[in-house]
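Below: the structure, in structure tokens.
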Amino acid sequence: MPGWPPRCELTVFPAASLPRSVAHASPAVVRSLTRDGVPRSWFYAGYRAARELRAVDVPPLGRLIRFATSGLGASLLVEPALGEVLFLVSVRGAKPSFVSSSLAQFTATARAVVDRYPYYTLTSTPEEVIAAADDIARLVEAIDPPALRADLYWATFVDDMRAGAFASEVITGDGV
């Protein structure tokens, strides 16, 4: 599979692409989007950086900035004033869920998780799988403790690891 082993390459958006309709974006949000960058892509849930930044109205939170997509039409958004990263599925009435405390922490977490790859193989013992998942949980918690709350993006990633979803052969398609 091309691009393996995985790396966490970043996308930097042009400053001119910041949605004009989003008022009061914090300097940290602007810096993360236009200078530091966000992950371009990675193997979890079809994550891909957006081609362009877009303002999205999310009641009752207001206007957020979509910087990435995930899965079947879900979006990763940043709250422009606070900088929190949120996940929103494209289902009527869906409420956004917390992902990371900031874009910088989201990017650092994605980089740490990708850099830790490979996690385990299809022939790994249950103990090895659990140990790898626990290792990732420790990495996430060290970067952004609230990101590991139950049923959120990063906690779900760790749960999926424990379930065996990230064996190297499954991720790469080799030998499956």
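The values are calculated or read from the model by the stated rules, or taken from the named source; none is laboratory data. Keep in mind that this is a model prediction, so the values were computed, not measured. Note that we place each Cβ from the backbone using ideal geometry, even for glycine, and neighbour counts take in every protein chain shown.
Screening the candidates Ser102, Ser90 for the property of being loosely packed, with under 14 Cβ neighbours inside 10 Å and in contact with a strand residue (DSSP E or B) (Cβ under 8 Å, 6 or more places away or on another chain) yields one hit, Ser90. For the range 124-133, enumerate the residues that are surrounded by fewer than 19 Cβ atoms within 10 Å (Cβ to Cβ) and either in contact (Cβ under 8 Å) with a residue 24 or more places away in the chain or of a type in the set (A, V, I, L, M, F, W, C) (or both). Residues satisfying the conditions are Ser124, Ile130, Ala131. Can you find a residue in the range 29-42 that is crowded, with 16+ Cβ neighbours inside 10 Å, on the phi > 0 side of the Ramachandran plot and either not hydroxyl-bearing (Ser, Thr, Tyr) or not in a loop (DSSP other than H, G, I, E, B) (or both)? Checked against the condition, which is being crowded, with 16+ Cβ neighbours inside 10 Å, on the phi > 0 side of the Ramachandran plot and either not hydroxyl-bearing (Ser, Thr, Tyr) or not in a loop (DSSP other than H, G, I, E, B) (or both), the range 29-42 yields at least one hit.
Filter the range 136-166 down to the residues that are assigned to a helix (DSSP H, G or I) and either among the aromatic types (Phe, Trp, Tyr) or assigned by TED's automatic domain parsing to the domain that holds Val89 (or both) and list them by number.
Tyr153, Trp154, Phe157
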